[in-house]
Structures are given as structure tokens and as C-alpha cells.
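Trainee: The following block contains the structure, expressed as C-alpha cells.
The values are calculated or read from the model by the stated rules, or taken from the named source; none is laboratory data. Model, not experiment: these values are computed from the prediction. Don't worry about glycine lacking a Cβ; one is built from the backbone with ideal geometry, like all the others, and counts go over all protein chains shown.
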């Protein structure tokens with residue numbers, strides 16, 4: 001079986017499992033599932049989404065990039081890393097459900113981080129084998145750096161728990177630290193690096209992507225403090241935050257301008273429904289930046305982070321609307337897997353579920369600001385979870401259909 005196809009299928013199955021856990025969470029809230037611990041399933045859902053889905057599929061796509069530059073022999077070098085990441089992800093999936101934060105779940109979480117360190121070292125080393133000053137490599141290298149940096153969040157949590165010194169503020173600060181450098185570092189920089197590679201032949205685009213890189217890279221670390229504005233922040237840090245937000249807006253404007261001026265090339269490079277998904281991901285990222293800009297105001301930041309529906313809506317906007325839709329769009333538009341009608345239908349249903357879910361969370365969040373309840377909102381959100389899972393199930397069925405080239409290139 002083709003290496004890339006094999007691992008994309010596994011990644012899609014993992015995404016389906018993520019949606020199933022989300023389905024269980026919404027069912028328990030809307031109806032009743034007394035034997036299931038909500039908090040444990042939530043931990044399993046979030047950890048597996050990051051490691052089993054996004055990290056797994058990004059590793060696969062980055063390895064595929066190397067194979068195009070260094071040959072198919074590179075697949076064998078990373079085989080153990082992919083299986084190790086998969087094993088630790090499934091370990092977290094099960095252990096968090098069974099015991100929550102305890103010995104086995106912490107062990108699997110730690111092993112998962114160690115695997116990501118190995119991937120960073122391997123991938124960095126292999127990038128050095130590719131000659132030339134390549135813009136996509138800037139994005140790739142810093143995606144790895146931010147992935148490593150993000151690990152200090154979970155390690156901080158572990159230290160607080162072992163020392164029994166965890167406070168609500170520092171607990172949340174550690175969680176948001178990890179989320180920030182995963183979302184805005186590892187996920188974002190790896191994704192833009194993959195896109196930058198597709199524009200390798202356009203010098204004008206490469207110049208703008210290089211400028212955008214320095215703006216986003218310089219803004220990434222200070223932008224973390226946008227997530228913890230409820231903590232006492234010095235005035236000079238606050239001004240640095242404003243500069244970071246402006247830098248990201250300018251960087252995104254440069255990327256959009258480069259896209260606008262090369263639409264004919266893009267239509268040739270990215271085709272079909274996948275192109276629509278990439279546009280939707282760009283719209284979601286624009287919304288994310290607008291919301292982030294609004295959070296500069298300390299009052300708005302404290303208000304929004306005090307209401308769970310707003311937090312969940314924002315996190316899902318980034319994980320589903322930006323990252324997941326981008327990855328699926330990238331795979332489909334470049335036809336890294338055969339794009340059948342079933343696969344396209346599943347992706348369309350999934351996107352509809354994402355949009356419905358975000359709209360419902362927005363309504364719930366606005367109502368929460370006014371301390372009002374929305375009738376039947378939990379049932380509606382459960383319905384959105386059903387649509388999401390149904391779309392991914394259809395998409396997975398489409399991906400599993402026998403494809404041309406299934407017999408080519410052994411997985412090992």
C-alpha cells in the first residue's frame with residue numbers, strides 16, 4: 001500500500017474518533033450518561049485531537065514533503081516515529097477515559113511529548129540535507145521550535161500537581177501556554193510552510209511569505225500574553241501585545257495580497273472542492289485574528305475568558321475551522337488521496353457541521369454575556385456533533401475505497 005495513503009487513512013480515522021468523543025460529550029450534556037465521567041472524556045477528547053489527529057497528520061504531510069526532495073527512502077526513517085506517536089495517542093485516548101489525570105495518562109502524555117522531540121530532531125536534520133535558502137524551511141523550522149516550546153505547559157502542570165501548589169490562575173496559564181504554542185506555533189507555521197512550498201516557483205510570493213514569517217514569528221511569543229490578561233501585566237508588556245497583534249495583521253495581509261495577485265496560478269495548483277476548503281480556512285483564520293485583536297482590551301479579554309461557551313467556540317474555531325479544514329482542503333486540493341464523490345460529500349457535511357456548531361456556540365456565548373439561557377441549545381449542539389461525526393464517517397468511507405496506486409510503494 002502507498003505510504004501516504006496508508007497514513008492519511010489512519011489520520012482520518014483518528015479524526016473520526018475525535019468526533020465520536022465530542023458526540024459522547026454533547027450527548028451526556030444534553031441527555032444523560034451517568035457511567036461516563038465528563039471531565040475524563042474531555043481530557044481524552046482534547047489530548048487525542050492534538051496528538052492523534054493534528055500532530056499525526058502534520059507529521060505525515062511533512063514527511064511526504066521530505067520524500068519529494070530526498071526520495072521515498074525517507075519513509076522508512078520515520079516509520080517508527082509515526083507508530084510511536086500513534087501508540088502514545090491511543091494510550092492517552094484510553095487512559096484519560098479510564099482514570100483521568102493519573103499515572104498512566106501522564107506517562108502516555110510524557111511519551112507523546114518525547115516522540116514529538118524526536119520528530120523535531122529528525123526533521124530538522126533532514127531539512128539540512130536540502131540545499132538552498134528555502135522560505136518554507138523557515139516556517140517548518142519554527143513550527144518545530146514552537147512545538148518543543150509548547151511542552152513546557154504540560155511539564156509545568158505536572159510540577160504543580162506533584163508539588164500540590166496548583167492555583168486556578170497558574171493552572172490556566174499553563175494550559176493556555178500549551179494551547180497557544182500548539183495552535184499559533186506548531187499548527188500554523190507547519191501549515192503555512194506547506195503552502196509556501198506550493199509557491200516555490202514564484203519569487204514575488206516567496207518574498208512576501210518571508211516578510212510574513214518574520215512578522216508572525218516575532219509576534220508569536222508575546223501574543224501568548226493575550227491568553228492570560230487576567231494576570232497582572234506590566235504596561236510595557238501590554239504595548240508589546242499591541243505590536244504583536246498589528247504584526248500578525250500585517251503578516252496576514254501580505255499573504256492575502258500574494259494570493260490575490262496569483263489567483264490564476266492558485267487555480268492551477270489547487271483544484272476542486274479542496275480549494276473551497278482552503279478559502280473557508282482562510283476566512284476562519286481572518287475571524288480568529290479579528291477576535292484576537294478585540295481581546296487586546298483587558299475588559300473584553302477577562303469577560304470572554306469568563307464564559308465557557310466563548311472559550312469552547314474560539315478553540316473549536318481554530319482547531320476545526322482553521323486547522324482541520326485547512327488540512328483536509330490541502331489533501332483534497334493536491335489530490336494526495338483520490339477525491340471521490342463520497343469523500344467530497346463527507347467533507348461538505350463536516351464543514352456544514354463546523355459552521356452550525358460555531359453559530360450555536362456564538363449564540364450561546366452572547367446569551368451567556370447577558371446571563372440568559374438559550375432554550376434547547378444543548379440539544380441543538382448535540383445535533384451539530386451528530387452532523388460533524390456523520391460527515392467524517394462518510395469521508396472516512398470515501399477514503400477507504402480502493403484507489404489507483406494502493407499496491408504501489410510498501411508502507412515500510
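Trainee: So is residue 369 under 16 Å from the mean Cα position of the chain (by Cα) and touching a residue at least 40 places away in the same chain (Cβ under 8 Å) or not?
Mentor: No: the conditions fail for residue 369.
Trainee: Being under 16 Å from residue 138 (Cα atoms) and without any contact (Cβ under 8 Å) to a residue 60 or more places away in the chain is the filter here; which residues of region 177-187 pass it?
Mentor: 184, 185
Trainee: Please work out which residue is surrounded by the fewest Cβ atoms within 10 Å (Cβ to Cβ), limiting yourself to region 49-101 and to residues that are touching a helix residue (DSSP H, G or I) at 6+ places or on another chain (Cβ under 9 Å) and outside any helix (DSSP H, G or I).
Mentor: By that ranking, first place goes to 73.
Trainee: A further question follows. Taking residue 125 as the residue in question, decide whether it is surrounded by 21 or more Cβ atoms within 10 Å (Cβ to Cβ) and either assigned to a helix (DSSP H, G or I) or modelled with pLDDT of 95 or more (or both).
Mentor: Taking the combined requirement at face value, the residue does not satisfy it.
Trainee: Surrounded by 21 or more Cβ atoms within 10 Å (Cβ to Cβ) and within 29 Å of residue 133 (Cβ to Cβ): which single residue out of 209, 254 fits that description?
Mentor: Of 209, 254, the one residue that is surrounded by 21 or more Cβ atoms within 10 Å (Cβ to Cβ) and within 29 Å of residue 133 (Cβ to Cβ) is 209.
Trainee: Give, as residue ranges, the helices (runs of 4 or more DSSP H) completely inside region 306-377 that count at least 3 residues that are at pLDDT below 90 and touching a helix residue (DSSP H, G or I) at 6+ places or on another chain (Cβ under 8 Å).
Mentor: 308-316, 341-369
Trainee: Something else about it: Could you tell me which residue of region 160-173 is modelled with the highest pLDDT, considering only residues that are exposed (fewer than 15 other Cβ atoms within 10 Å of the Cβ) and either in contact with a helix residue (DSSP H, G or I) (Cβ under 9 Å, 6 or more places away or on another chain) or on the phi > 0 side of the Ramachandran plot (or both)?
Mentor: 171
Trainee: Okay, next question. Evaluate region 31-40: report whether one residue or more is touching a residue at least 12 places away in the same chain (Cβ under 8 Å), under 19 Å from residue 382 (Cα atoms), in a helix (DSSP H, G or I) and in contact with a helix residue (DSSP H, G or I) (Cβ under 6 Å, 6 or more places away or on another chain).
Mentor: So far as region 31-40 goes, yes, one or more of its residues are touching a residue at least 12 places away in the same chain (Cβ under 8 Å), under 19 Å from residue 382 (Cα atoms), in a helix (DSSP H, G or I) and in contact with a helix residue (DSSP H, G or I) (Cβ under 6 Å, 6 or more places away or on another chain).
Trainee: Somewhere in region 23-30, is a residue within 19 Å of residue 389 (Cβ to Cβ), over 23 Å from the mean Cα position of the chain (by Cα), free of Cβ contacts under 8 Å to residues at least 24 places away in the same chain and assigned to a helix (DSSP H, G or I)?
Mentor: yes
Trainee: With modelled with pLDDT of 95 or more and either over 25 Å from residue 348 (Cα atoms) or surrounded by fewer than 15 Cβ atoms within 10 Å (Cβ to Cβ) (or both) as the only criterion, which of 241, 215, 300, 226 stands out?
Mentor: That would be 215, the only listed residue that is modelled with pLDDT of 95 or more and either over 25 Å from residue 348 (Cα atoms) or surrounded by fewer than 15 Cβ atoms within 10 Å (Cβ to Cβ) (or both).
Trainee: Filter region 260-272 down to residues that are in contact (Cβ under 8 Å) with a residue 12 or more places away in the chain and either surrounded by fewer than 18 Cβ atoms within 10 Å (Cβ to Cβ) or over 30 Å from residue 345 (Cβ atoms) (or both), then give me how many there are.
Mentor: Of the residues in that region, 6 qualify.
Trainee: Residue 27 passes all but one of (1) closer than 21 Å to residue 350 by Cα; (2) crowded, with 23+ Cβ neighbours inside 10 Å; which number fails?
Mentor: (2)
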